[in-house]
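Below: one structure, written as structure tokens.
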Amino acid sequence: MSDNKPTTNWDYTVDILVVGSGGGAMAAALCAHDRGAKTLVIEKDEYYGGSTAMSGGALWIPNNHLMEEAGVKDTPEESLEYLKHTTQGQVPEERLHAYVKYAPEMVKYFCEHSRLELQALPEYSDYYPEAPGGKPGARTIEPINFDARQLGDEFLRMREPALQTLIMKRIAMTAKQGHVLLTRSPGWGQLTFKLMAGYWFDWGGRFKSKRDRNLGLGNALIGMLRLSLMERDVSLWLKTSAQELILEEGRVVGVLAKREDEVVRIRAEKGVILGAGGFESNDEMRKKYLPNPTQAEWTCGSPCNTGDAILMGIEVGAALEWMDDAWWGPTTVVPGEECARMLVVEKSLPGCVFVDKRGERFVDEAAPYIDIVNAMYKRHSPEAPCVPAHMVFDATYRKKYPCGPFLQSSQQPDWRLPKEFKEGYLKKDKTVAGLAEQMGIDAKGLEATIQKMNEYARTGKDLDYQKGDSLYDRYYGDPNVKPNPCLAPIETPPFYGLQIEAGDLGTKGGLKTDANARVLNEAGEAIPGLYAIGNCSGSVTGRTYPGAGSTIGPAMTFGYIAVLDAIPT
Ligand SMILES: Cc1cc2nc3c(=O)[nH]c(=O)nc-3n(C[C@H](O)[C@H](O)[C@H](O)COP(=O)(O)OP(=O)(O)OC[C@H]3O[C@@H](n4cnc5c(N)ncnc54)[C@H](O)[C@@H]3O)c2cc1C
């Protein structure tokens with residue numbers, strides 16, 4: 001209830017109330033506690049962690065303290081140059097400055113004062129490494145493995161990892177390990193054995209659930225943050241949904257929430273920090289704000305991210321930005337799975353192509369995933385539909401590489417695929433024309449495209465879209481394939497096809513904020529007492545995706561900044 005009269009019937013009073021329990025929210029709660037604030041975290045879901053727990057757990061932190069050790073030099077000036085170039089003047093400079101200043105400080109603070117343990121990924125380049133100020137690696141950092149036994153029973157209340165981040169839907173790894181396995185770098189066999197054995201011989205874990213207790217990626221990040229909160233005795237209420245912001249004389253002083261079946265009023269003396277995710281799982285909001293066609297089932301994000309914080313902000317007069325944008329990426333909707341899977345790695349591997357309904361290419365398949373969906377929408381028209389698009393590959397690709405829900409056919413031949421995959425989900429034919437007919441795309445167009453792709457594979461030069469030219473493209477390529485690790489002929493039958501959706505990892509538009517994470521009204525003034533971070537706020541990177549970790553890095557950084565503003569020393 002946005003009521004201007006002073007309210008006295010509070011059920012609980014804290015200094016800082018954090019709404020949501022993703023990475024940004026937990027970082028804010030930790031920092032608030034460390035600055036002496038009585039802090040409460042409320043989470044609508046029966047699990048904590050949100051999309052952050054499901055994610056790759058990477059943080060994009062320019063000029064972070066782990067870079068030097070990883071052999072990559074960075075400076076605040078280069079970081080700013082890169083951000084200014086990639087955001088193309090669309091983001092106020094003071095927000096970019098704040099990010100460049102506080103992101104490394106935030107990471108160092110948590111590495112020194114909490115359970116957070118991170119490692120740099122020296123080969124994981126920025127997404128536009130050739131742009132001014134771009135780096136070949138190490139701005140992306142990730143959590144090391146985390147032993148879930150430290151959380152006790154609280155572990156099973158953490159949202160599970162996205163299936164696409166696990167080996168065989170079960171076994172966790174870090175991004176560093178994942179890259180060793182993908183590229184079959186020295187030691188990959190031993191590593192496979194270690195991960196498998198670690199899982200199967202964890203008898204205590206196997207007795208309790210299917211979940212791997214050797215956490216990696218987003219689960220590791222959330223595990224570390226959750227443990228740090230538990231050690232500080234910061235309360236986290238699950239199944240507690242914020243529903244309205246409460247105003248007193250223009251200041252946000254608390255929240256009306258539903259805790260299971262009970263309505264509670266929580267007063268927050270020093271501020272309410274909204275970290276309640278985007279609106280990716282709200283079909284109505286998607287259709288209203290995002291480019292159409294769009295559907296909630298195309299997202300990989302948490303089903304609980306339904307834009308609640310954005311709607312609450314609108315009620316108290318907040319301005320919005322970037323509402324027509326998302327952390328886009330090509331996804332596949334797998335029968336029987338709760339969330340869509342994004343094709344992050346598969347599209348860079350050699351021997352596949354993305355086409356529209358005319359069977360024509362429209363993008364460098366290995367480009368950053370945000371660029372793929374932007375290209376899909378740009379191309380899409382009633383005459384030349386490109387939403388959905390289609391991925392085509394051949395038997396060699398299928399034999400060598402995992403793709404979406406399948407392991408490579410050398411390990412999971414077609415006859416071992418579940419029935420529902422063979423009945424409509426994965427299309428297969430012994431000729432390109434037959435496959436095109438099954439997929440409802442133009443056969444002549446597809447044949448011509450594949451002929452061209454095969455020529456590019458032989459010369460190593462994609463003359464249309466430059467697949468494999470960028471250092472980023474090659475990160476997920478196959479280094480054993482020459483001359484271009486992202487290109488191989490598509491010529492060995494049978495041929496396969498998957499439908500590709502205009503999906504996302506979450507939305508990136510939301511409440512407009514300033515460099516201190518304060519929510520702004522239409523007049524550009526801060527609404528006192530209200531902060532927004534993560535995907536319920538407009539992204540600090542505007543419409544771009546500078547590198548892996550560009551959503552959780554800013555969410556945690558602005559969580560930290562919000563607290564510095566709410567509780568100045
Ligand atoms: C498979 C996958 C891989 C990804 N990999 C990466 C990566 O490596 N690096 C990266 O930066 N990003 C990655 N992303 C994207 C990233 O996970 C999200 O953009 C990010 O976690 C969003 O953070 P958030 O804090 O805004 O929201 P979330 O982490 O989703 O947290 C929001 C929380 O708020 C809760 N909530 C919603 N409404 C309410 C309410 N009314 N009251 C109380 N609580 C509420 C939700 O239940 C949720 O738990 C990935 C995403 C996916 C799905």
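The values are calculated or read from the model by the stated rules, or taken from the named source; none is laboratory data. Treat the numbers as computed from the prediction; the structure is a model and nothing was measured. Positions of Cβ are backbone-derived with ideal geometry, glycine not excepted, and every protein chain shown enters the neighbour counts.
Hey, could you check region 8-66 for residues that are aromatic (Phe, Trp, Tyr) and outside any loop (DSSP other than H, G, I, E, B) and say which is farthest from the ligand (Cβ to nearest atom)?
Taking the candidates together, the pick is Tyr12.
Based on what the data block shows, is Leu225 in contact with a Lys or Arg (Cβ under 7 Å, 6 or more places away or on another chain) and crowded, with 16+ Cβ neighbours inside 10 Å?
Values: in contact with a Lys or Arg (Cβ under 7 Å, 6 or more places away or on another chain): no; crowded, with 16+ Cβ neighbours inside 10 Å: yes.
Spelling it out, it is not the case that Leu225 is in contact with a Lys or Arg (Cβ under 7 Å, 6 or more places away or on another chain) and crowded, with 16+ Cβ neighbours inside 10 Å.
Do we have any residue at all in region 351-367 that's assigned to a helix (DSSP H, G or I), more than 30 Å from Val540 (Cβ to Cβ) and of a type outside the set (A, V, I, L, M, F, W, C)?
Keep residues of region 351-367 that are assigned to a helix (DSSP H, G or I), which gives none.
Scanning region 351-367 turns up no residue that is assigned to a helix (DSSP H, G or I), more than 30 Å from Val540 (Cβ to Cβ) and of a type outside the set (A, V, I, L, M, F, W, C).
Restricting to region 420-432, name every residue that is surrounded by 16 or more Cβ atoms within 10 Å (Cβ to Cβ) and either not hydroxyl-bearing (Ser, Thr, Tyr) or not in a helix (DSSP H, G or I) (or both). Can you show your working first?
Looking only at region 420-432, we keep the residues that are surrounded by 16 or more Cβ atoms within 10 Å (Cβ to Cβ), and these are 421, 425-429, 432.
Phe421, Leu426, Lys427, Lys428, Asp429, Val432, listed by residue number.
Please go through region 448-469 and pick out each residue that is within 15 Å of Phe362 (Cα to Cα) and assigned to a helix (DSSP H, G or I).
Ala448, Thr449, Ile450, Lys452, Met453
Could you give me the residue pairs with C-beta distances under 6 Å whose first residue belongs to region 516-537 and is surrounded by fewer than 16 Cβ atoms within 10 Å (Cβ to Cβ), whose second residue is among the aliphatic types (A, V, I, L, M) wherever it lies, and which are 6+ apart or on separate chains?
Pairs found: Glu522/Ala319.
In region 514-554, what count of residues is obtained for those that are within 14 Å of the ligand (Cβ to nearest atom) and closer than 17 Å to Leu17 by Cβ?
Of the residues in region 514-554, the ones within 14 Å of the ligand (Cβ to nearest atom) are 517, 531-541, 544-554.
Imposing the further condition that a residue be closer than 17 Å to Leu17 by Cβ reduces the set to 517, 531-534, 536-537.
So the answer is 7.
Matching residues to (1) crowded, with 20+ Cβ neighbours inside 10 Å; (2) among the aromatic types (Phe, Trp, Tyr); (3) within 16 Å of the ligand (Cβ to nearest atom); (4) at pLDDT 95 or above:
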residue	(1), (2), (3), (4)
Met312	yes, no, yes, yes
Leu320	no, no, yes, yes
Thr331	yes, no, yes, yes
Phe362	yes, yes, no, yes
Lys378	no, no, no, yes
Pro388	yes, no, no, yes
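Would you mind telling me which numbered condition in (1) part of a loop (DSSP other than H, G, I, E, B); (2) among the small types (Gly, Ala, Ser); (3) closer than 30 Å to Ala395 by Cβ Ala523 fails?
Looking at each condition in turn, Ala523 falls short on (3).
State whether the residues of region 412-427 include one that is closer than 21 Å to Val387 by Cα and in contact with a Leu (Cβ under 7 Å, 6 or more places away or on another chain).
yes
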